[in-house]
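To start, the structure itself, in structure tokens.
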Amino acid sequence: MNGITKTFPGVHALDNVNFELEAGEIHILLGENGAGKSTLMKILSGSYQADAGEIRINGSHVHFNLPIDALHNGVAMIYQELNPVPNMTITENIFLGKEIKLTPVGFVNKREMNKRTKELLAQFGMDYLQPEKKMKELSVAETQMIEIIKAYSYETKILIMDEPTSALADHEVDRLFKIMDMLKKQKVGIVYISHKLDEIFKCGDRITIFRDGKYVATKKITEINRQEAIRLMIGRELTDQYPVKENSPGEAIMEVENLADEHGRCRGISFTLHRGEILGICGLMGSGRTELAETIFGLRKHKTGVIKLKGKSINILNPSKAINSGIALVTEDRKGTGLNLKSSVRENISICTLSQISTIGILNKKKEETRVDNQIKALSIKTPFRDQIVNYLSGGNQQKVVVSKWLLADPDVFIMDEPTRGIDVGAKHELYNIVIDLAKRGKGILIISSELPEILGLCDRTLVINEGSLAGVLSRKEFNQEAIMRLATGTKETSL
């Protein structure tokens, strides 16, 4: 890719960028949110068209108007937000758009398609799955693998993976790396976009770094270390990954007693959250962490249990009741449930507090703009203007918008579900500072995270959930990765 340039309304996404991929290598793309990584790959895969520049594959000039053009030329991209057809089978998803037919205009040859799907599943170590199984019945990790198999079935020679491990457990990541090694041996070139620095040094061959839409450097993975990668990525040194938390927890702000949802995804969970405390929630995927948060927030119906806020029992029947009671939820899916992507930065930040700046239903526009501008400045949200459509912002800046709307609401309790998923190391550091500041101001904070170093670096205590139940509570002095994983997997009792 030579001289690639791309501009969106108010945003210069790529500025004369070059990129090279070799057959049989895993090439890491690294950069802060908004650096241009995903945009460059969407151009390569046919989702976007460049304003300037050229693409050559095996020396020949190519131009893709649509993703299907790229697929037919051996280029496939697997997005961070997986997008299967949930009510169709594994076979139907893999062969979607390239069905095998009995005759040119006849019926689909399901038997042959299922046979080939079985062969592909076996090749990828997933022969325990039946081709007729519907996608909605699969786990996130299994869905991820089916997307890879689907891309592979196009005889892909260039595979682009955007944050492929953001929702995977450690053992699932290991399996993904084995699949990538297999593809490398078949001379597939893999472009791997990730913000997880530890894993990129495990799987990568070369690394290319972007900053603010510009190419910065390409190095062999053996020629660069973590600190140098961070410096090139954000343009400055980042010495302390986790800010120091100086305040100690105070009195109880929220008490949860014997909480269970109607579907049994969380069962009989009790804990206390204190003022100024950052309380982690750990567990394997599917353990009930998110379901616990959603039950507290009123997105799921209670079967049993009592929630007390500042000593008083509250009956949370829906999210409106939770918000009015002083509870906020930063959901794990910022694009699906955290934001209205078609609305502006201003509208997204104001959405939860319109009543505070309205009189008899009439919005005070000037007051709204002042409040929004203050939030943009306070959180360093990179946006050309307050009325920019939020979909055009980078992932890290979108996450800041989500947090901003709750900061304006000024709740007593913040529940944050995977708050740093898919955002870069610089944006993570800024978000950690926000969390530490909230604790200093006496807020109670619940953080759900799949990244154990994040839990260990931020939290005063952590709850560990196993199969919907509370497996244990560990203090800061007691918790480490081994103790948490023992409780999360239920393999061995850990003294608390």
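Taken together, the values in this text are just the output of simple stated rules run on the coordinates, not laboratory data. Model, not experiment: these values are computed from the prediction. Backbone-built Cβ (ideal geometry, glycine too); neighbour counts: all protein chains shown.
Using R₀ = 25 Å, calculate the FRET efficiency as 1/(1 + (r/R₀)^6) where r is the Cβ-Cβ separation of Lys366 and Lys342; round to 0.05. Numbers along the way, then the final one.
Details: r = 24 Å, r/R0 = 0.97.
That gives a FRET efficiency of 0.55.
Mark the label point 7 Å from the Cα of Leu354 along Cα→Cβ and return the residues of the stretch 312-340 whose backbone N is within less than 19 Å of it.
319-325, 329, 337-340
Which percentage, to the nearest 5, of the DSSP beta bridges contained in the chain is antiparallel? Walk me through the intermediate numbers first.
Values: 40 of 74 bridges.
About 55 percent, rounded to the nearest 5.
Could you work out how far apart the two model spin labels at Asn318 and Phe177 are, taking each label as a point 7 Å from the Cα in the direction of the beta carbon, and quote it in nm?
4.7 nm
Hey, with R₀ at 22 Å, roughly what FRET efficiency would Asp212 and Ala378 work out to, going by the Cβ-Cβ distance, to 0.05? Show your work: numbers first, answer last.
Numbers: r = 21 Å, r/R0 = 0.98.
E(calc), rounded to 0.05, equals 0.55.
Going down the list Lys301/Lys367; Lys303/Lys440; Lys301/Lys365; Lys342/Lys377; Lys6/Lys400; Lys37/Lys110, which pairs span over 32 Å between their C-alpha atoms?
Values: Lys301/Lys367 36 Å; Lys303/Lys440 34 Å; Lys301/Lys365 37 Å; Lys342/Lys377 22 Å; Lys6/Lys400 24 Å; Lys37/Lys110 39 Å.
From Lys301/Lys367; Lys303/Lys440; Lys301/Lys365; Lys342/Lys377; Lys6/Lys400; Lys37/Lys110, over 32 Å: Lys301/Lys367; Lys303/Lys440; Lys301/Lys365; Lys37/Lys110.
Spin-label point model (7 Å from Cα, Cβ direction): what's the Lys101 to Thr5 distance in nm?
Going from the Lys101 label point to the Thr5 one covers 4.4 nm.
Given axes a ≥ b ≥ c from the Cα gyration tensor, I'd like to know whether the stretch 20-138 is rounded (a/c under 1.5), prolate (a/b larger than b/c) or oblate.
Working: a/c = 2.16, a/b = 1.69, b/c = 1.28.
Here the stretch 20-138 falls in the prolate category.
Nearest 0.05, what FRET efficiency do Val85 and Asp410 give at R0 = 35 Å with Cβ-Cβ as r? Let's see the in-between values first.
Values: r = 42 Å, r/R0 = 1.19.
After rounding, the FRET efficiency stands at 0.25.
Considering Cα pairs under 8 angstrom that are at least six residues apart, work out the relative contact order of the chain and quote it in whole percent. Write out the running numbers ahead of the final one.
Working: 962 pairs, mean separation 79.8, N = 496.
Reported relative contact order: 16 percent.
Rounded, prolate or oblate: which one fits the stretch 48-203, using the alpha carbon gyration tensor with axes a ≥ b ≥ c (rounded when a/c is under 1.5, else prolate when a/b beats b/c, else oblate)? The partial results should precede the final answer.
Working: a/c = 1.80, a/b = 1.11, b/c = 1.62.
Oblate.
Which one, (i) 22, 56, 21, 0; (ii) 21, 53, 25, 1; (iii) 20, 49, 28, 2, gives P(r) over Cα pairs in 20 Å bins from 0, in percent as derived from the coordinates shown?
Calculated P(r) over Cα pairs in 20 Å bins from 0, in percent: the matching label is (ii).
Would you mind classifying the stretch 164-292 by shape? Square roots of the alpha carbon gyration tensor eigenvalues, ordered a ≥ b ≥ c; an a/c under 1.5 is rounded, otherwise it is prolate if a/b is larger than b/c and oblate if not. Kindly include the intermediate steps, with their values, before the conclusion.
Values: a/c = 3.70, a/b = 1.60, b/c = 2.31.
Cα axes put the stretch 164-292 in the oblate bin.
Would you kindly derive the ³J(HN,Hα) couplings of the stretch 16-32 from the backbone phi angles with the Karplus curve 6.51 cos²θ - 1.76 cosθ + 1.60 (θ = phi - 60°), listing them in order in whole Hz, with x for Gly and Pro?
6, 8, 10, 8, 10, 10, 9, 5, x, 10, 9, 9, 7, 9, 10, x, 5
Add -39500 (n - 2.57) for each DSSP H run of 4 or more in the chain, then divide by its residues: what number comes out at 222 nm, to the nearest 500 deg cm²/dmol?
Values: 16 runs with 161 residues, N = 496.
Only helices count here, giving -9500 deg cm²/dmol.
What fraction of the DSSP beta bridges in the stretch 2-234 is antiparallel, stated in percent and rounded to the nearest 5?
On the way: 17 of 34 bridges.
DSSP beta bridges in the stretch 2-234 are roughly 50 percent antiparallel.
Highest mean first, what order results for 332-341, 394-403 on Cβ atoms within 10 Å?
Numbers: 332-341: 16.9, 394-403: 24.4.
Top of the packing list down: 394-403, 332-341.
Between Lys220 and Lys308, what length comes free when the chain is fully extended (0.36 nm per residue of separation minus the Cα-Cα distance, one decimal in nm)? Walk me through the numbers on the way to the answer.
On the way: separation 88, 0.36 × 88 = 31.68 nm, distance 5.45 nm.
Taking Lys220 through Lys308 to full extension adds about 26.2 nm, to one decimal.
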